[in-house]
Every structure is written in C-alpha cells, then in structure tokens.
Ligand code: HEM
Ligand code: HEM
C-alpha cells in the first residue's frame, strides 16, 4: 500500500540521492565499523586503524565539499529547516504514515549533522592524538604540542562510545520509519529512488 502509492497524485517517484552520496554513505559505514572495531579490539600497533581513519577523513572532506556544491537535497543549506518546521515535524512523527520527505526530514537532518560533527571531532582528535606509547602517534600530534595531543587522545577515547550510541540511535530511527511509519529509507540510500511529496521548487 504505502510502498507503491502510484495513485496518489500529490506524490512522485524521483532519483533523490545521487550516486556519490550513496557511495559516500556505505563506504562511511564500512570504514567507521572497521575503525571502531580496530580501535576497541584491534592489535596494539594501530596501523590499520589509522588507515581506516584516513579513509574516513577523506570521506568527510568529500562530504563537506558535496554539502556546498552537490545536488540540492544533499546541500547543508537544504538541511536547515528552522525550529518551527522541525518542531511541527517532530510533533507529528508518531503518525503511522510515511513522511515522503524530499531529502533528510527535519529531525533526520539534525541526526545527520550530529553524526557528521561527531565523526569530524573523532578524526580530528585521532589525527592530533598521542597515547604516549611511542607507537600510535597521530600525524599531527607533534604539530599541536604534547599537552594538546594528550587532551586530543582523551577526547578521542571519550567520543568513541558516544559515536557508537549515536549510530545505534540512527539505526533504530531507520527501523522506526520502516516498522512504525511504513517508510523504507534504506532502499533509496541504495538505489537513489524514493517516493516524495511533489515539490514547489526543490
Ligand atoms: C557506522 C554506521 C553508520 C554511520 C556512521 C552512518 C552515517 C550516516 C550519515 C552521516 C547520514 C547522513 C547522510 C548525509 O551525509 O547526508 C546517514 C543517513 C542514512 N543512513 Fe546511515 N550511517 C551508519 C549506518 C547505517 C546503517 C547500518 C543503515 C541501514 C540500516 C543506515 C541507513 C541510513 C539511511 C537510510 C540514511 C538516510 C536517511 C534519510 O532518508 O534521511 N545507516 N547515515
Ligand atoms: C571515525 C574515525 C575513528 C574512530 C571511530 C575511532 C575509534 C577509536 C576507538 C574506539 C579507539 C579505542 C578507544 C579506547 O581505547 O577507549 C581508538 C583509539 C585510537 N585511535 Fe581512533 N578512531 C578513529 C579515527 C582515528 C584517526 C584518524 C586516528 C589517527 C590517525 C586515530 C588514532 C587512534 C589512536 C592513536 C588510538 C589509541 C588510543 C590508546 O592507545 O589509548 N583514530 N579509536
């Protein structure tokens, strides 16, 4: 029913997510799982952890550029909905029907910002961090000085469980949309295609 709403003339099926953003997302998922797992459970010599960390840094660099010059729905300016729209959306979030939102919905956009922001803090603190073990020294640790490098490492270790928590919330929200609101957000992130409300101009 809600998955195939062809009869509803207020809706249209569009290629919402471009190939680059989809590739970015799934590459990010793989690299973050690998970096997190290696950081927490990997060997003492963290070369592989560093490599995945560099890959994530590059992915985030791409995302920042794409957020400025990419297609409209992935631009950061498109994410800003303001408190009124966000609160109105949030107050109706429990309704058992799809949002058909064109892009990240106002609450999802906050989550996307939080995830991207936390990931930036995680890679920045990793790059600057020095765990004082003479092996796993971040490439920018000497540049920021010993005290800052030690602080960066503490931040890195503190943010790691927060990142895990946010990812769990992220996946729970996707499951909530699928199970409660009958809206599959995963398929559009794979194929690009999504049913959305017809737009005025976006
Ligand atoms: C390490 C794990 C993950 C991280 C760090 C992550 C990160 C993100 C980020 C940053 C976005 C916003 C995309 C953008 O840049 O515009 C996003 C969106 C999304 N993610 Fe994830 N993600 C993770 C795991 C997953 C998993 C396992 C799934 C599938 C079950 C998933 C499904 C989605 C979907 C469907 C969206 C788009 C939501 C919407 O329609 O607004 N993610 N994710
Ligand atoms: C999003 C990317 C990253 C994630 C998810 C991540 C995650 C983690 C985790 C979970 C730990 C273990 C923390 C603990 O023992 O409590 C860790 C440790 C560490 N990470 Fe990362 N990390 C990332 C990126 C980086 C980067 C880019 C670098 C440097 C190039 C880096 C350098 C380190 C170092 C040196 C440690 C060892 C800390 C110690 O021995 O006490 N990380 N990371």
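Observations
- Every residue from the range 14-46 that is away from ligand 2 (no atom under 11 Å from the Cβ) and assigned to a helix (DSSP H, G or I): 19, 20, 21, 22, 23, 24, 25, 26, 27, 29, 30
- Residue check, residue 153 within 12 Å of ligand 2 (Cβ to nearest atom) and surrounded by 13 or more Cβ atoms within 10 Å (Cβ to Cβ): yes
- If the condition is being part of a helix (DSSP H, G or I) and exposed (fewer than 13 other Cβ atoms within 10 Å of the Cβ), then the range 65-84 contributes 65, 68, 69, 72, 77, 82, 83, 84.
- Of all the criteria given as (1) in contact with a helix residue (DSSP H, G or I) (Cβ under 6 Å, 6 or more places away or on another chain); (2) touching a residue at least 40 places away in the same chain (Cβ under 8 Å), the one not satisfied by residue 32 is (1).
Each value in this text was obtained by applying a stated rule to the coordinates, not by laboratory testing. For clarity, every value in this text was computed on a predicted model and none was experimentally measured. Every residue, glycine as well, gets a Cβ built from its backbone with ideal geometry; the counts of neighbours run over all protein chains shown.
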